[in-house]
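Take a look at the structure set out below.
The values are calculated or read from the model by the stated rules, or taken from the named source; none is laboratory data. Quick caveat: nothing in here was measured; it's all calculated off a predicted structure. For neighbour counting, all protein chains shown are included, and Cβ atoms are generated from backbone atoms with ideal geometry for every residue, glycine included. SASA here: full protein model, heavy atoms, side chains in, ligands and nucleic acids out. Shrake-Rupley method; radii C 1.70, N 1.55, O 1.52, S 1.80 Å.
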Amino acid sequence: MDYNAFFADKIQDLKKEGRYRIFATMEPLAGRFPEALYHAPDGTCRAVTVWCSNNYLGMGQNPVVMDAMKAAIDRSGAGAGGTRNISGTTIYHVQLEETMARLHGKEAALVFSSGYVSNEGALGTLGKLLRDCVVFSDELNHASMIHGIRSSRQEKQIYRHLDMDHLEDLLKKAPANKPKIIATESVYSMEGDIAPLDRICDLAEQYGAMTYVDEVHAVGMYGPRGAGIAERLGVMDRIDVIEGTFGKAYGVVGGYIAGKKETVDAVRSYAPGFIFTTSMPPAAAAGARSSVEYLMVSDKERAQQRRNVAHLKARLDDAGMPWMRGDSHIVPLIVGEPSCCKQVSDLLMNEYDIYVQPINYPTVPRGTERLRLTATGAHSLAQVDLLCDALTAMWREHGVFRHAVG
């Protein structure tokens with residue numbers, strides 16, 4: 001078999017469908033976010049404004065965070081040197097876990113190398129340990145949650161996105177004596193909508209289910225201390241496992257879970273993705289802790305971002321743009337066809353020095369290809385207006401955007 005030809009054909013299939021992914025090479029510049037240097041394929045380099053970053057509050061370049069990471073490197077070096085079980089549990093990891101437990105009002109927390117690994121490891125392990133359980137999963141849950149549920153090899157029931165009546169119907173049909181887990185995100189990153197966590201907690205209590213909530217796009221962003229949607233709704237104490245990341249609003253890297261001591265210890269003791277992975281570098285743990293503690297008391301970054309998001313949505317409404325209405329900070333602008341989505345992204349980059357990565361299948365369903373716009377706390381109102389002016393010009397004058405969504 002000609003393996004190279006086989007794989008070349010697979011890549012060609014993606015290109016024919018218009019969903020072959022091309023990575024833009026960026027050089028972030030400390031103190032200038034959301035501006036970065038774009039290194040183009042032709043060898044040129046120029047400044048662009050980034051409009052698709054998950055660094056929602058600009059904490060990745062906050063001096064408090066950078067200073068904490070520099071100090072940790074100077075004191076403890078670059079890497080952890082092993083798994084958590086073998087020399088990789090440093091004081092920085094322990095302190096970070098204590099901080100995350102305190103943030104969410106839980107007994108314990110556990111830090112992973114990424115948010116993906118924390119979801120896969122926690123859901124996969126909890127499902128396996130709860131033999132003969134049923135996992136109820138929102139149809140738009142993240143790939144990491146789906147991976148974890150599948151690896152548990154337990155029964156799964158998929159409910160329609162945020163449809164609480166459908167979820168309750170499925171819960172009613174499940175045997176009362178079976179263990180159950182309801183798995184949901186709080187903020188859905190490609191739709192921009194928010195789960196009714198209070199209603200989910202009601203159903204979990206009524207039908208004897210555990211609650212597992214992915215807050216990766218909410219921690220740092222919502223609630224008076226940045227603990228997420230659960231804190232904003234006042235239901236943190238009703239959620240069994242909260243999962244989050246340090247790679248988005250907190251601006252660093254890594255993931256975590258928080259919950260009851262016994263639940264967290266079970267994941268720590270059984271999850272392969274935790275046991276066999278080198279632990280995150282001490283500097284990353286120190287930076288993450290610094291970011292979390294900073295945002296527990298500072299609201300100015302969140303306030304700035306809320307202002308920018310409101311202005312962006314208002315401008316898109318004024319122009320009649322087809323964005324998906326949602327209550328979160330994420331603004332998906334629907335294009336609806338992969339090649340056109342890439343064309344719009346290229347025009348923004350080449351004509352306006354604005355970087356937005358196209359979002360295509362399988363990240364989103366076919367026919368819903370989109371630009372996922374994220375107004376951060378570091379953008380200025382002038383930058384919001386420049387983006388909206390560019391989109392309006394493409395919509396009204398170029399014809400490309402109108403063709404894409406029509």
For the subset of segment 62-83 comprising residues that are part of a loop (DSSP other than H, G, I, E, B) and aliphatic (A, V, I, L, M), which member is surrounded by the most Cβ atoms within 10 Å (Cβ to Cβ)?
Ala80
Would you check which residues across segment 216-238 are out of contact with any Leu (no Cβ under 7 Å at 6 or more places or on another chain) and surrounded by fewer than 24 Cβ atoms within 10 Å (Cβ to Cβ) and list them?
Gly223, Pro224, Glu231, Arg232, Gly234, Met236, Asp237, Arg238
Tell me, which strands (runs of 3 or more DSSP E) wholly within segment 84-201 include 3 or more residues that are of a type outside the set (Gly, Ala, Ser) and farther than 21 Å from Ala286 by Cβ?
134-138, 155-159, 180-185
Qualifying positions in segment 12-61 - aliphatic (A, V, I, L, M) and assigned to a helix (DSSP H, G or I):
Leu14, Met59
With the condition kept exactly as written, say whether any residue in segment 336-355 is open to solvent by less than 10 Å² (accessible area, probe 1.4 Å), hydrophobic (A, V, I, L, M, F, W, C), in a loop (DSSP other than H, G, I, E, B) and under 20 Å from Glu191 (Cα atoms).
no
Could you grab me the full set of residues in segment 239-289 that are surrounded by fewer than 24 Cβ atoms within 10 Å (Cβ to Cβ), among the hydroxyl-bearing types (Ser, Thr, Tyr) and more than 23 Å from Glu185 (Cα to Cα)?
Ser269, Tyr270, Thr277, Thr278
Taking Thr44, is it surrounded by 12 or more Cβ atoms within 10 Å (Cβ to Cβ) and either β-branched (Val, Ile, Thr) or closer than 28 Å to Thr278 by Cβ (or both)?
no
Would you check which residues across segment 192-215 are closer than 27 Å to Gly367 by Cβ and open to solvent by 20 Å² or more (accessible area, probe 1.4 Å) and list them?
Asp193, Ile194, Pro196
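Any idea which of Gly148, Gly88, Gly124, Gly105 is open to solvent by less than 70 Å² (accessible area, probe 1.4 Å), in contact with a His (Cβ under 9 Å, 6 or more places away or on another chain) and not charged (D, E, K, R)?
Gly124
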Right, Val309: part of a helix (DSSP H, G or I), touching a residue at least 24 places away in the same chain (Cβ under 8 Å) and under 24 Å from the mean Cα position of the chain (by Cα) or not?
yes
Can you tell me which condition Val292 does not meet? The list is (1) among the aliphatic types (A, V, I, L, M); (2) open to solvent by 10 Å² or more (accessible area, probe 1.4 Å); (3) within 29 Å of Phe112 (Cα to Cα); (4) part of a helix (DSSP H, G or I), and all the others hold.
(2)
Check whether at least one residue in segment 179-188 is surrounded by fewer than 19 Cβ atoms within 10 Å (Cβ to Cβ) and either at pLDDT below 95 or over 22 Å from Asp132 (Cβ atoms) (or both), and report yes or no.
no
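Results for (1) more than 23 Å from Asp385 (Cα to Cα); (2) modelled with pLDDT under 95; (3) under 28 Å from the mean Cα position of the chain (by Cα), shown as yes or no for each residue.
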{"residue": "Ala5", "(1), (2), (3)": "yes, no, no"}
{"residue": "Ala8", "(1), (2), (3)": "yes, no, no"}
{"residue": "Leu14", "(1), (2), (3)": "yes, yes, yes"}
{"residue": "Arg19", "(1), (2), (3)": "yes, yes, yes"}
{"residue": "Ile22", "(1), (2), (3)": "yes, yes, yes"}
{"residue": "Thr25", "(1), (2), (3)": "yes, no, yes"}
{"residue": "Cys45", "(1), (2), (3)": "yes, no, no"}
{"residue": "Cys52", "(1), (2), (3)": "no, no, yes"}
{"residue": "Gln61", "(1), (2), (3)": "yes, no, yes"}
When segment 202-219 is checked residue by residue, the ones that are assigned to a loop (DSSP other than H, G, I, E, B) and under 15 Å from Glu185 (Cβ atoms) are Glu215, Val216, His217, Ala218, Val219
Failed condition for Lys173, given (1) touching a Lys or Arg at 6+ places or on another chain (Cβ under 8 Å); (2) open to solvent by 60 Å² or more (accessible area, probe 1.4 Å):
(1)
Only one of Ser328, Ser298 is at pLDDT 90 or above, outside any strand (DSSP E or B), within 22 Å of Val216 (Cβ to Cβ) and in contact with a His (Cβ under 9 Å, 6 or more places away or on another chain); which?
Ser328
Being open to solvent by less than 40 Å² (accessible area, probe 1.4 Å) and touching a residue at least 40 places away in the same chain (Cβ under 8 Å): is that true of Met164 here?
no
From the list Ala319, Ala393, Ala382, Ala375, which residue is open to solvent by less than 50 Å² (accessible area, probe 1.4 Å) and either polar (S, T, N, Q) or free of Cβ contacts under 8 Å to residues at least 60 places away in the same chain (or both)?
Ala393
